[in-house]
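Please read the structure below before turning to the comments.
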Amino acid sequence: RETQTDIYYTVCAQTGETEILPGEKTKTWGYNRSILGQTVVFPVGKHIHVTLQNRLPEITTFHWHGLNVSGPYVDGGCHAPVYPGEDSEIDFTLNQPASTNWLHAHPCPATAEQVYKGLATMVVVTDQHEASLSLPRTYGVDDIPVILQDRTFHENNQLDYRTDYDPDGVLGVTPLVNGTVNGYFDVTAKKMRLRLLNGANRREWRLHFSDDLEFVQIAGDGSLLPKPVHFTKLMLTCAERAELVVDFSKYKPGDEVILYSDQTPIMTFRIKEFTNDQHVEVPDELLKIEVPAVDPETPVRKVVMSGMDESVMMDHKKFKMDRIDAEQEVGLVQYWDVSNTNGRKMGMVHPFHCHGMSFLVISRNGHDPYPNERGFKDTVGVNPSETVRILVRFDLAGLYMYHCHILEHEDGGMMAQIETF
Ligand code: C2O
Ligand code: CU
Ligand code: CU
């Protein structure tokens, strides 16, 4: 049983300067520090109180992406502004599986620019089931966050979002891991757990290691996978997470293993003596998932993502904060068919995300979902001309947004809201 002790946490959105490029100062924003923030760890079952502080020159919101908390004020969508110089208090108790989530700014329509400046950090939810499994979980030793982003540095090494603005999403030329360039990690444990988060505004990462090193994916966005999945390549669309266990035991001290996206090196794992005394055997069964039954009388909800650049729309409309687009009863289990009407050849992948719950991916154009989509998720890449069926159940009443997680598409109005009651 979880104990009843409350947890108090303060998160301050602030401006700062960060040495991202060696010897140069870049103006950045972050949570409790100059860029990104420390990883937040929230155990399920505890009463959590968070003080939100805005020390920025403009409005921001604090969105807990992947936390199943009531919207919109606790969940921090665009209805929950914290004004410059002000504080706000929220509290919640989590009841969801252990997972890797994130906190990011979500003011409309400035989400993309604020995240670009650095307002994003990892939020890890822990539970007793996950803690009972033989997995690496010593933070900073064999369990590390890997936040993937890309940026372009302009004159005086500044991030000039306005210069880079593209309605289809800002791409940077320089990959960043946890806000650093040329990121590396000194490996002292044979098996490393990497908590990958695609925190980029628009970029999809196509990840693989040098030597085509095989790795095991153990978790997706919202939970462990039912069973580990072995891969040599992994694609992550915006806002998706993947927890990997990478076995470096065949390497010797002095070896280097490189993580690439396509041909671009992202990060180096420098093998040291394996001084970390670790007993990890990834289990064959990670999580039992009971798929709730859908009443055949319940209609399938259709969600339509269309367009590119300025013409992007959600359900044939642009977002309006004072319009509620859909409703669903709390506890009802419903299929949503989420389609991307873009043409197969030229179209973009739209990563669909919904606040307030995690869903299960049922099918892609009627076929089985990918093997690493069998756990709970809150973001799913919908390919051009594809319909992804997901199974949705909300447990809390509130107002929640759903949108494309290419942040410039979201700011461009490819977003809608659903009220649950
Ligand atoms: Cu990370 Cu409304 O999203
Ligand atoms: Cu979200
Ligand atoms: Cu999109």
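Here are the numbers for this structure:
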quantity: Ranked list, fewest to most other Cβ atoms within 10 Å of each Cβ, for K227, K117, K345; calculated: K345, K227, K117
quantity: Over region 7-127: Kirkwood hydrodynamic radius from C-alpha pairwise inverse distances, Å; calculated: 14.4
quantity: Separation in nanometres of the label points that stand 7 Å from Cα toward Cβ, at R344 and A326; calculated: 2.6
quantity: Projected label distance in nm at D87 and K252, using a 7 Å step from Cα toward the beta-carbon; calculated: 5.7
quantity: Highest-fluctuation residue, M346, M235, M192 considered, GNM on the chain with Cα pairs under 10 Å; calculated: M346
quantity: GNM top mover of D322, D160, D247 - the chain, alpha-carbon springs below 10 Å; calculated: D322
quantity: Relative contact order %, the chain, counting alpha carbon pairs below 8 Å whose residues are six or more apart; calculated: 15
quantity: Two-site label geometry, K25 and D309: point separation in nm, points 7 Å out along Cα→Cβ; calculated: 3.9
quantity: Straight-distance crosslink candidates among lysines, where the alpha carbon sits under 29 Å from K272 and sequence neighbours closer than 8 are dropped; calculated: K190, K191, K233, K250, K252
quantity: Segment Q263-H154, length gained on full extension (0.36 nm per residue, minus Cα span); calculated: 36.9 nm
quantity: Reachable lysines, given that their alpha-carbon falls under 16 Å from the alpha-carbon of K317 and they are not under 8 places away in the same chain; calculated: K302
quantity: Alpha-carbon centroid distance for the pair region 183-215 / region 256-278, whole angstrom; calculated: 8
quantity: Shape metrics for region 143-271, restricted to C-alpha atoms - Rg then Dmax, Å; calculated: 15.3, 48
quantity: Kirkwood Rh and Cα Rg combined as Rg over Rh, evaluated for region 239-384; calculated: 1.07
quantity: Cα-based equivalent ellipsoid of region 310-416: semi-axis lengths in Å, sorted from largest, via gyration tensor; calculated: 20, 20, 11
quantity: For a label point 7 Å along the Cα-to-beta-carbon line of K317, residues of region 73-96 with backbone N under 18 Å; calculated: 78-79
quantity: Theoretical FRET efficiency, 1/(1+(r/R0)^6), r = Cβ-Cβ of T275 and R33, R0 35 Å, to 0.05; calculated: 0.75
quantity: Among Y161, Y116, Y139: highest mean-square fluctuation, GNM of the chain, C-alpha pairs under 10 Å; calculated: Y139
quantity: Calculated on alpha-carbon atoms, Rg and Dmax of region 54-211 in Å; calculated: 17.5, 51
quantity: R374, R151, R162, R206 arranged by Cβ crowding within 10 Å, fewest neighbours leading; calculated: R162, R206, R374, R151
quantity: Sorted by Cβ density within 10 Å, fewest first, the residues K318, K288, K190; calculated: K288, K318, K190
quantity: Free-standing Cys residues across the chain, given no other cysteine C-beta under 4.7 angstrom; calculated: C12, C238, C354, C404
quantity: Per-pair calculated FRET efficiency, R0 = 30 Å: Y73 and A293 via Cβ, rounded to 0.05; calculated: 0.40
quantity: nm² value of the averaged projected area, convex hull over the Cα atoms of the chain; calculated: 20.2
quantity: Per-residue ³J(HN,Hα) for region 223-230, Karplus 6.51 cos²θ - 1.76 cosθ + 1.60, θ = phi - 60°, Hz, x for Gly and Pro; calculated: 5, 4, 7, x, 9, x, 10, 8
quantity: C-alpha center-to-center spacing [region 358-374, region 16-68] in angstrom; calculated: 32
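Only the coordinates and a few stated rules stand behind these numbers; no lab work does. Everything quoted here is computed from the prediction, not taken from an experiment. For neighbour counting, all protein chains shown are included, and Cβ atoms are generated from backbone atoms with ideal geometry for every residue, glycine included.
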